[in-house]
1. Can residue 191 be described as exposed (fewer than 15 other Cβ atoms within 10 Å of the Cβ), outside the structural domain of residue 46 (by TED's automatic domain parsing) and touching a strand residue (DSSP E or B) at 6+ places or on another chain (Cβ under 8 Å)?
2. Would a scan of region 217-232 turn up a residue that is in contact (Cβ under 8 Å) with a residue 60 or more places away in the chain, closer than 21 Å to residue 81 by Cα and part of a loop (DSSP other than H, G, I, E, B)?
3. Within region 246-274, which residues are under 15 Å from the mean Cα position of the chain (by Cα) and surrounded by fewer than 24 Cβ atoms within 10 Å (Cβ to Cβ)?
4. Looking at residue 190 and the list (1) over 22 Å from residue 245 (Cα atoms); (2) modelled with pLDDT under 95; (3) not in a helix (DSSP H, G or I), which single condition is not satisfied?
5. Within region 107-117, does at least one residue satisfy the condition of being under 30 Å from residue 6 (Cα atoms), in a loop (DSSP other than H, G, I, E, B) and modelled with pLDDT of 95 or more?
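The values are calculated or read from the model by the stated rules, or taken from the named source; none is laboratory data. Everything numeric in this text was worked out from a predicted model, so none of it was measured. Don't worry about glycine lacking a Cβ; one is built from the backbone with ideal geometry, like all the others, and counts go over all protein chains shown.
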């Protein structure tokens, strides 16, 4: 078997949404895959600050902010925050149309009190992994600070939520030239949430950048994800695998569906693809 480059989303894939401790079976699978000569990379919508608790584990590379910031072997490969003009335009447009948002820098995330209250009142069991992640992280204050403490650090993406798609009609008309609206599957109560990401990058472009840096052909890449911000990653990799707990829409685009994160899904998928044993 050729050496593989394996990309793992975090929330809903490596861990339960909003958590920072992977199942023991997943850590065992990652360690054994690395011992077999494969490389394993975190590829997350979280910013660098939010994924830092997972850096105690020896991953071979880091993709954060949905591809806006990339490190390989402790070297920065890519760094693409918004310009101040883009940021001001985005925040004004969303606020004018009743869209709640959180802005993400490299290390910190900044949330309006209105967004926090909106999530706490509307997000319940059965919501998609991104909504659950934000509710969990707001409750634990994981590198999330009030908007009034924003210190001007460069912003990589905007996370948004709103009562209906109608709230996004004008923002999509005004901003879609520069930004992609990655909208998650609606939750059971019709709540709309997603990410506003620069068209200069996504998880798919990050996969290609990482593969080039690692010297591993795209034909030897495997990606695991669960939500719609993983779509480009699963499409870019030679093998795209969706978790069974993931988006029903994403499953339609995946090459395979593996068991859920709480059913030792990563371990089972690694075993099925012979990633746990040394290559002969």
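1. In short, no.
2. No, that holds for no residue.
3. 250
4. So the condition that residue 190 fails would be (1).
5. Initial filter on region 107-117 (under 30 Å from residue 6 (Cα atoms)): 107-109.
The next check asks that each one be in a loop (DSSP other than H, G, I, E, B); those that pass are 107-108.
From what is left, the residues that are modelled with pLDDT of 95 or more are none.
Within region 107-117, none of the residues are under 30 Å from residue 6 (Cα atoms), in a loop (DSSP other than H, G, I, E, B) and modelled with pLDDT of 95 or more.
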